[in-house]
Amino acid sequence: MENRHTKIFGTRGQLTGDGRYPSVFDFLTEQTTTIDTSLDGSSAAEGHAGGDHGLIKSFATALHEGRPELIHSGIAESIGSHSAVFAAEQSRRGGTVITL
């Protein structure tokens, strides 16, 4: 499975990414800096670069050991972040600005 590809152009450089390796190309120096963001070698196609595994492990540990501090966001934050992503997709598809 292929990862997503992103390209953002600015006045001084270009940011590209494929879900694991973000790269910055500096127009002035013509140098590229690439970072491997996966600690375990997984890709974005494997559950958000391994993040899903950590999320589920933390959640299960929090429930099993009664440690609510391991859960870093609640339902309100989850609804807010998902609403923003859905609005961004609606904006992209419709070519309009969505106000939340």
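No lab work stands behind these numbers, since they all come straight from the coordinates. Keep in mind that this is a model prediction, so the values were computed, not measured. Cβ sites come from the backbone with ideal geometry, for glycine too, and all protein chains shown count toward neighbours.
Observations, loosely collected:
- When mean projected area of the Cα convex hull in nm² is calculated for this entry, the matching label among (i) 9.4; (ii) 8.8; (iii) 7.8 is (i).
- The sum of -39500 (n - 2.57) across all DSSP H runs of n ≥ 4, divided by the residue count of the chain, sets its helix-only mean residue ellipticity at 222 nm to -12000 deg cm²/dmol.
- Helix 51-65 axis versus longest C-alpha principal axis of the chain: approximately 20°, rounded to the nearest ten.
- Length released on extending from T6 to F27, taking residue separation times 0.36 nm less the Cα-Cα span: 5.8 nm
- Computed from Cα atoms, the angle from the helix 75-94 axis to the main principal axis of the chain rounds to 30 degrees.
- FRET efficiency for T61 and S81, using Cβ-Cβ distance with R0 set to 30 Å, rounded to 0.05: 0.85
- Pair T34, T96: separation of 7 Å Cα→Cβ label points (nm): 4.1
- Dipole-positive endmost among S81, G95, G13 within the chain (Cβ charges, Cα centre): G95
- Charge dipole (debye, nearest 20) of the range 50-100; +1 at Cβ of Lys and Arg, -1 at Cβ of Asp and Glu: 180
- Size of the range 61-100 as Cα extents on the principal axes (Å, biggest first): 47, 14, 9
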